[in-house]
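These notes concern the structure reproduced below.
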Amino acid sequence: MFAVFKRDLRAFYTTPIGYAFSGVVILVMNLCFYYMNVETGSSDVKGIFYWLLLGLAFLAPILTMRLMSEEKKLKTDQLLYTVPLRIVDIVLGKYFAALAVFLISMIGTFLIPVILSVCSVAEYWAIIGNYVAIIFAASSFIAIGLFVSSTTENQLVSALISWAILIGLWLVDTLVAEVEVKAVSIVVNWVSIFARYESFTYGLFDLSDILYYFSIAAVFLFLTVRMLDKRRYA
């Protein structure tokens with residue numbers, strides 16, 4: 001797994017993808033911080049992270065679109081199948097490489113809590129909760145994108161399908177908020193990636209929400225393994 005992780009992490013930063021992703025994440029966070037906190041004098045960071053969450057619905061597919069699609073297109077996936085590695089190690093190596101790019105990008109935002117600590121009364125648990133929430137959400141988005149990438153050799157198709165899934169989930173969540181049928185709202189909120197995100201932003205760490213994000217990532221990683229297994233023995 002570690003060999004695949006190093007190979008893919010290096011690949012992100014030998015191409016523009018890793019730098020572009022990190023640059024956009026840092027730019028979005030810092031611009032939102034300036035307009036939503038510096039200019040208004042607010043110490044509330046929920047808005048910043050919510051905009052990043054929406055941005056990840058667009059950015060995560062770009063990060064994941066090449067992970068398996070490129071291997072399939074270049075036929076290098078056949079080499080991966082012949083090396084003494086389990087399919088699960090290949091999938092986890094690629095998954096953690098993409099997640100590492102996101103975590104590296106988040107380092108560029110650590111100046112935000114420092115500035116808030118120095119210049120205002122920082123809500124430390126809320127800040128920690130927002131960082132934890134965005135990492136959980138990113139882990140789910142990346143797992144979904146990795147699975148989609150394993151289903152096609154076309155990177156653009158992979159990105160478009162992932163966009164459709166993630167943006168579709170957000171739209172459903174948004175539209176249901178306008179629906180007055182309580183039963184529908186309860187069901188959608190229970191399965192919604194975006195609704196589950198909210199409690200973390202207040203510094204509340206609900207075990208059910210944590211397990212939910214772990215489950216989403218685990219299910220899509222499992223589906224990716226099954227997809228590659230099927231192709232390996234085809």
Restricting the search to the stretch 39-69, which residues are open to solvent by 10 Å² or more (accessible area, probe 1.4 Å), closer than 24 Å to E198 by Cβ, in contact (Cβ under 8 Å) with a residue 60 or more places away in the chain and assigned to a helix (DSSP H, G or I)?
-> K46, Y50, L54, F58
Determine whether S22 is over 22 Å from S140 (Cβ atoms) and either in a helix (DSSP H, G or I) or of a type in the set (S, T, Y) (or both).
-> no
For the subset of the stretch 98-125 comprising residues that are surrounded by 16 or more Cβ atoms within 10 Å (Cβ to Cβ), at pLDDT 85 or above and within 18 Å of K46 (Cβ to Cβ), which member is nearest to the chain's Cα centre (by Cα)?
-> M106
Return only the number of the condition from (1) within 19 Å of G23 (Cβ to Cβ); (2) in a helix (DSSP H, G or I) that Y95 does not satisfy.
-> (1)
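The values are calculated or read from the model by the stated rules, or taken from the named source; none is laboratory data. Worth saying up front: this structure is predicted, and the values here are computed from it rather than measured. Positions of Cβ are backbone-derived with ideal geometry, glycine not excepted, and every protein chain shown enters the neighbour counts. Only protein heavy atoms, including side chains, enter the accessible area calculation; ligands, DNA and RNA are left aside. Shrake-Rupley method; radii C 1.70, N 1.55, O 1.52, S 1.80 Å.
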